[in-house]
Amino acid sequence: MLFFSIPQFFITTWIIVVSLQRHGYKSCIEKERKGLLELNAYVNSRYDWPNDTNSDCCEWERVKCDLSSGRVIGLFLNDTYTDRPLLNLSLFYPFGELRTLNLYNFECTGWFDDIHGYKSLGRLKKLEILDLGNMVNNSVLPFLNAASSLKTLILHGNYMEGPFPMKELKDLRNLELLDLSGNFLIGPVPDKDLADLHKLQALDLSVITRFYKLFESKILKHCIVVV
């Protein structure tokens, strides 16, 4: 009788695979893998994402997946430098389960979507956290109202000017945290309109010296305001 010695490496690998299968782990779906590669091509391959069908995109840097479904739920595209002046929002269409989108310091001057226009973010029905810090200007504001599922919106350190953008935020009824710090907004804060955002718990207006401090009203008594 012949006996074969199985290398420890293969035994360990087999145990890991069986364990993952037993616990319901699934690798990323093909539609989203292709979507990630299209996004990477658009930003001139700034991310180390291999064009390899055998590569599990759930293991790629900047990508977070739900381990049971294999769907992409987080994209961390912060500190991305690209020659493209505008970000095409339709690139995010494949990620229907996306919950977190980090675009902090994503180098672009604005957004566009030739298909759905300002309604583009409405396709991301599960999106809860959107970080646009140090990246945008007033031109992206009209896109935000469609993201009605948002709970956290970070607009810190941009070059937004003018009055408080209540018109562009009025439909974000699930918003719990709003960070507008470090911008160039002016005029009174529309606390009565903000009160319509019933779930708002924190509002950061720090380093905005030209805002009038109108927070003595009890309308925002359930919201922590940082000025």
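The values are calculated or read from the model by the stated rules, or taken from the named source; none is laboratory data. All values derive from a computational prediction rather than experimental measurement. So basically every Cβ, Gly included, is an ideal-geometry build from the backbone, and we count neighbours across all protein chains shown. Please note that ligands, DNA and RNA were not included when accessible areas were found on the heavy atoms of the full protein model with its side chains. Shrake-Rupley method; radii C 1.70, N 1.55, O 1.52, S 1.80 Å.
Looking only at region 51-107, how many residues end up being part of a loop (DSSP other than H, G, I, E, B), free of Cβ contacts under 8 Å to residues at least 40 places away in the same chain, of a type outside the set (Ser, Thr, Tyr) and more than 15 Å from Gly35 (Cβ to Cβ)?
Final tally of qualifying residues: 12.
Which of the following residues is touching a Ser or Thr at 6+ places or on another chain (Cβ under 7 Å), open to solvent by 20 Å² or more (accessible area, probe 1.4 Å) and farther than 18 Å from Asn158 by Cβ: Lys119, Lys125?
On the way: Lys119 fails: touching a Ser or Thr at 6+ places or on another chain (Cβ under 7 Å).
Answer to the selection: Lys125.
Please specify each residue of region 142-158 satisfying the condition of being assigned to a helix (DSSP H, G or I) and either among the aromatic types (Phe, Trp, Tyr) or within 17 Å of Asn174 (Cα to Cα) (or both). Reasoning before the result, please.
Kept after step one, since they are assigned to a helix (DSSP H, G or I), are these residues of region 142-158: 142-144.
Matches in region 142-158: Phe143, Leu144.
Test Asn54 against the stated conditions and say whether it is over 19 Å from the mean Cα position of the chain (by Cα), among the polar types (S, T, N, Q) and open to solvent by 30 Å² or more (accessible area, probe 1.4 Å). Even if it seems obvious, please write down each step before you answer.
Numbers: over 19 Å from the mean Cα position of the chain (by Cα): yes; among the polar types (S, T, N, Q): yes; open to solvent by 30 Å² or more (accessible area, probe 1.4 Å): yes.
Yes, satisfied.
Leu87: under 30 Å from Tyr118 (Cα atoms), touching a Gly at 6+ places or on another chain (Cβ under 8 Å) and modelled with pLDDT of 90 or more, yes or no?
Yes: the conditions hold for Leu87.
For region 175-194, give me each residue that is under 12 Å from Leu153 (Cα atoms) and open to solvent by 10 Å² or more (accessible area, probe 1.4 Å).
Glu176, Leu177, Asp179
Please work out which one of (1) farther than 25 Å from Lys31 by Cα; (2) open to solvent by less than 20 Å² (accessible area, probe 1.4 Å) is the condition Asn145 fails and give its number.
In the conditions (1) farther than 25 Å from Lys31 by Cα; (2) open to solvent by less than 20 Å² (accessible area, probe 1.4 Å), Asn145 misses (2) alone.
On the basis of being in contact with a Cys (Cβ under 7 Å, 6 or more places away or on another chain), surrounded by 15 or more Cβ atoms within 10 Å (Cβ to Cβ) and in a loop (DSSP other than H, G, I, E, B), does Leu172 make the cut?
no
Residues of region 90-113 being open to solvent by 60 Å² or more (accessible area, probe 1.4 Å) and either modelled with pLDDT under 95 or among the aliphatic types (A, V, I, L, M) (or both), which ones?
Selection gives Glu107, Thr109.
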